[in-house]
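Readers should treat all values here as calculations from the given coordinates under stated rules, not as data from a laboratory. Just so you know, these numbers come straight off a predicted model, no measurement behind them. Backbone-built Cβ (ideal geometry, glycine too); neighbour counts: all protein chains shown.
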Amino acid sequence: MKSSRQIEQAYRWARERYAEVGVDTEAALATLSGLRVSLHCWQGDDVRGFEGGADAPGGGLAVTGAYPGRARTPDELRQDAEKAFALIPGRHRFNLHAIYGEFGGRKVERNEIGVEHFRGWIDWARRLGIGLDFNPTCFGHRLAADGFTLSHPDRSVRRYWIEHCQRCREIGAAMGRALGTPTVTNVWIPDGMKDTPADRRGPRERLLESLDEVFRKPIPARYNLDAVEGKLFGIGAESYTVGMHEFYLGYAVTRRKLLCLDAGHYHPTESLADKISSVLCYVPGILLHVSRGVRWDSDHVVIVNDDLLAIAQELVRGRYLDRTHLGLDFFDASINRVAAWVIGARSLLRALLFALLEPWPRYQELERAGDYTGRLAWMEEAKNLPFGAVWDYHCLRSGVPVGAAWLEEVRAYEREVLSRRG
């Protein structure tokens, strides 16, 4: 393992090398340090939540694996999240679903939840100095068993889910007010059909009407930001997804909402990176759910691959970071769940740093001059710049383990904490 002195020496050389091509590493690190990634609660317990009852989330979601140590209580989940935060450079956020409230062992209907069920989470976030994000949970419920919620043909069922989403917005606003940073409250529903529908129009018109009712009450943006999330398909909704990308794009544009782009929610040949500059011509901002699709699964642990690098490069080159809310969205119960958080978050931050350290203004200057040869040459030569030395220094300066040293801390946590959960 490199010593602190070796890491600092390597960084000084890297800083000089980057300066030769017009890149200020300190400016890049300052930008990276200001970014907040929202870690998702559902990786820590396999999307079970704390309502009690069913072991599986349902609603088109499926978590595979049975790695020991799943969080079983809010306190255990908070403990695991704190361990992950301690291994990720920077100060970040935490993203909750509505089923993660503290209900005191009582059955609380989802259209009756309130901020009182999340006081423990607010107090925890205040102690850590972090923000919270929030999501209605429109799956894993008797009134979602037939695959429809906000677009349900039964008006009383729609009313139940409308009220649930309205309460979630109020909870999100209370979180934002208490923590001094706006909560992003994101609406995703599993509505759709397994086989070819005879009526595609009706559910979408009902969804439109329901969403307008959900968002009817104005909430100040300094407390809560509304987002809507589409999807290509889900388990049980392979042939028809009511809230597909085009539906929510139109909704976000006309209603001035954040559009949630999930990296696993498109056809494998589609580029999410290419969508960013298109949708940001029309919507005020985006919520980016960073995931990794593998064939039909949309939620593998994030790694630094071409897709992730393309997303990071688009955010940096388009100067979109200040209009983007970053969050992780995956669930894997086949590996250590704390490690999954750390791998995913560090991968996203590494990709963003790589993009920040590219001499991308030079690329754009060459492009404007019509010098595509020079543009391609510089894009390739930049791949040999000493990015790793800057990342190691960032981890050192942030007080988190450098390289794979974090893995030993997770192993120790597994022995001392996770393995005792039964």
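Dividing the summed -39500 (n - 2.57) terms of all DSSP H runs of n ≥ 4 by the residue count of the chain sets its mean residue ellipticity at 222 nm at -13500 deg cm²/dmol. Comparing 234, 250, 374 in a Gaussian network model of the chain where C-alpha atoms under 10 Å apart are linked, the largest mean-square fluctuation is found at 374.
Annotation: the antiparallel percentage among DSSP beta bridges lying fully within the range 183-280 is about 25.
A cut-off of 5 Å between modelled amide H atoms, ignoring neighbours fewer than 5 places along the same chain, links residue 93 with 37, 38, 39. Among the listed pairs 107/217; 83/217; 275/383; 257/383, a Cα-Cα separation exceeding 29 Å is found for 83/217; 257/383.
Amide H to amide H, with H built 1.01 Å from N, residue 149 comes under 5 Å of 191, counting only residues 5 or more places away or on other chains. With the cut-off at 1.5 for a/c, could you classify the range 1-127 from its C-alpha gyration tensor as rounded, prolate or oblate? Prolate, because a/c is 1.5 or more and a/b exceeds b/c.
The amide H of residue 264, built 1.01 Å from its N in the peptide plane, has 291 as neighbours under 5 Å, considering only residues 5 or more places off or on other chains. The charge dipole of the chain, taken about its Cα centre with unit charges on the Cβ of Lys, Arg, Asp and Glu (plus for the first two, minus for the last two), comes to roughly 920 debye. Net charge dipole, the range 192-333: roughly 580 debye, given to the nearest 20, about the Cα centre with Cβ charges of +1 for Lys and Arg and -1 for Asp and Glu. Neighbours of residue 262, meaning other residues whose beta-carbon lies under 10 angstrom from its beta-carbon, give a summed charge of -2 when Lys and Arg score +1 and Asp and Glu score -1. Per-residue Karplus couplings for the range 73-83, computed as 6.51 cos²θ - 1.76 cosθ + 1.60 with θ equal to phi - 60°, are listed in order as 9, x, 5, 5, 5, 5, 4, 5, 5, 4, 4 Hz, Gly and Pro entered as x. Rounded to the nearest 5, the antiparallel percentage of DSSP beta bridges internal to the chain is 20%.
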